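Colleague: Handing you a structure now.
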Amino acid sequence: MEQKGIQEIRDDIEAQMKFLGKPLFTSIAAPDPDWYLNACLDVDWDVYAEGYKKGGDILVQYVIDNDWDQDFLVYPIVFLYRQYLELRLKELIHVSSRLLDQNIDIPRDHNLVLLWSKVSPNIEQVWPDSQTKRHLAAIKDRLEELCSIDPRSYAFRYPEDTKGAPTLAGMEHINLRRLKDVVQAISNVLDGSSLGMGEYLNAKHEMMAEYQAEMAQYGEYY
């Protein structure tokens with residue numbers, strides 16, 4: 001491949017400088033060919049969680065397909081997966097608390113083990129079978145493993161902590177395909193629990209609406 005000369009590189013950089021005068025957050029109207037890249041924002045726990053997981057999956061697949069950049073992309077990949085887990089657990093606290101008529105108390109904390117301690121009893125209450133218990137125990141082990149390395153969601157964002165100590169001391173390698181597979185296995189349980197509880201909650205609301213309608217109709221005769 002022919003290498004670019006210094007002047008050609010400078011010209012490429014200068015061509016990009018025109019964008020410095022444009023706002024970061026904007027939308028582009030049709031018929032501009034980039035209009036379809038306008039992302040729609042939705043303030044929803046599920047959408048946020050799914051977005052971070054998709055981001056991690058896409059980056060791992062990029063490394064698999066290209067056999068390249070794993071040493072650079074490992075940090076955003078692990079952070080994206082960790083952020084997915086945090087958001088999914090917080091979303092599960094929300095939906096399970098509504099389903100079980102509990103107060104919704106989502107900790108403002110990055111501690112995955114703490115979040116899990118609030119999520120797992122609710123999942124087990126909804127699905128109290130032995131298979132679910134085995135899955136929940138395995139997930140707890142994986143979350144504890146992650147928290148032992150990255151307790152507050154800083155380790156894969158900064159090379160040093162606030163005291164200047166290395167955030168990933170003692171770690172040398174992470175297999176990205178294995179990481180993706182393990183996160184997917186956790187996701188199968190967490191996302192499935194979220195979907196199932198959402199369906200139960202919708203059914204519960206429909207039953208309540210039907211009951212209230214019947215009671216209102218019944219009251220008309222008295």
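The values are calculated or read from the model by the stated rules, or taken from the named source; none is laboratory data. Given the structure is predicted, the values throughout are model-derived calculations rather than measurements. Cβ sites come from the backbone with ideal geometry, for glycine too, and all protein chains shown count toward neighbours.
Colleague: In segment 63-77, how many are part of a helix (DSSP H, G or I) and in contact with a helix residue (DSSP H, G or I) (Cβ under 7 Å, 6 or more places away or on another chain)?
Modeller: Residues flagged as part of a helix (DSSP H, G or I) and in contact with a helix residue (DSSP H, G or I) (Cβ under 7 Å, 6 or more places away or on another chain) within segment 63-77 amount to 7.
Colleague: Related question: Taking only segment 98-117 into account, find how many residues are under 18 Å from Ala49 (Cα atoms) and not in a helix (DSSP H, G or I).
Modeller: 6
Colleague: I've got another one for you. Among Ala39, Ala15, which is part of a helix (DSSP H, G or I), out of contact with any helix residue (DSSP H, G or I) (no Cβ under 9 Å at 6 or more places or on another chain), small (Gly, Ala, Ser) and farther than 26 Å from Trp127 by Cβ?
Modeller: Ala15
Colleague: I would also like to ask the following. Mind counting the residues in segment 128-166 that are assigned to a loop (DSSP other than H, G, I, E, B), without any contact (Cβ under 8 Å) to a residue 40 or more places away in the chain, surrounded by fewer than 14 Cβ atoms within 10 Å (Cβ to Cβ) and not acidic (Asp, Glu)?
Modeller: 7
Colleague: Tell me which residues, restricted to segment 169-184, are out of contact with any Phe, Trp or Tyr (no Cβ under 6 Å at 6 or more places or on another chain), over 15 Å from Gln70 (Cβ atoms) and surrounded by 13 or more Cβ atoms within 10 Å (Cβ to Cβ).
Modeller: Correct list: Val182, Gln184.
Colleague: A further question follows. Any residue in segment 179-196 that's over 23 Å from Ile77 (Cβ atoms): show its pairings with residues that are at pLDDT 95 or above and polar (S, T, N, Q) at Cβ separation under 9 Å, as long as the two are six or more apart or on different chains.
Modeller: Pairs found: Ser193/Ser96; Ser193/Asn122; Ser193/Thr132.
Colleague: Of the numbered conditions (1) in a helix (DSSP H, G or I); (2) out of contact with any Asp or Glu (no Cβ under 9 Å at 6 or more places or on another chain); (3) closer than 29 Å to Ala155 by Cα; (4) free of Cβ contacts under 8 Å to residues at least 60 places away in the same chain, Arg10 satisfies every one except a single condition; which is it?
Modeller: The number of the failed condition is (3).
Colleague: Take the residues of segment 33-49 that are among the charged types (D, E, K, R) and without any contact (Cβ under 8 Å) to a residue 60 or more places away in the chain: which is nearest to Tyr81 (Cα to Cα)?
Modeller: Asp44
Colleague: Restricting segment 51-74 to residues that are touching a residue at least 40 places away in the same chain (Cβ under 8 Å) and under 26 Å from Leu92 (Cα atoms), which is farthest from the chain's Cα centre (by Cα)?
Modeller: Result: Val60.
Colleague: Hey, Val95 hits all of (1) among the hydrophobic types (A, V, I, L, M, F, W, C); (2) part of a helix (DSSP H, G or I); (3) without any contact (Cβ under 8 Å) to a residue 12 or more places away in the chain but one; which does it fall short on?
Modeller: (3)
Colleague: Condition first: hydrophobic (A, V, I, L, M, F, W, C), surrounded by fewer than 17 Cβ atoms within 10 Å (Cβ to Cβ), free of Cβ contacts under 8 Å to residues at least 40 places away in the same chain and in contact with a helix residue (DSSP H, G or I) (Cβ under 7 Å, 6 or more places away or on another chain). Now tell me which residues in segment 98-127 satisfy that.
Modeller: Leu100, Ile104, Ile106, Val113
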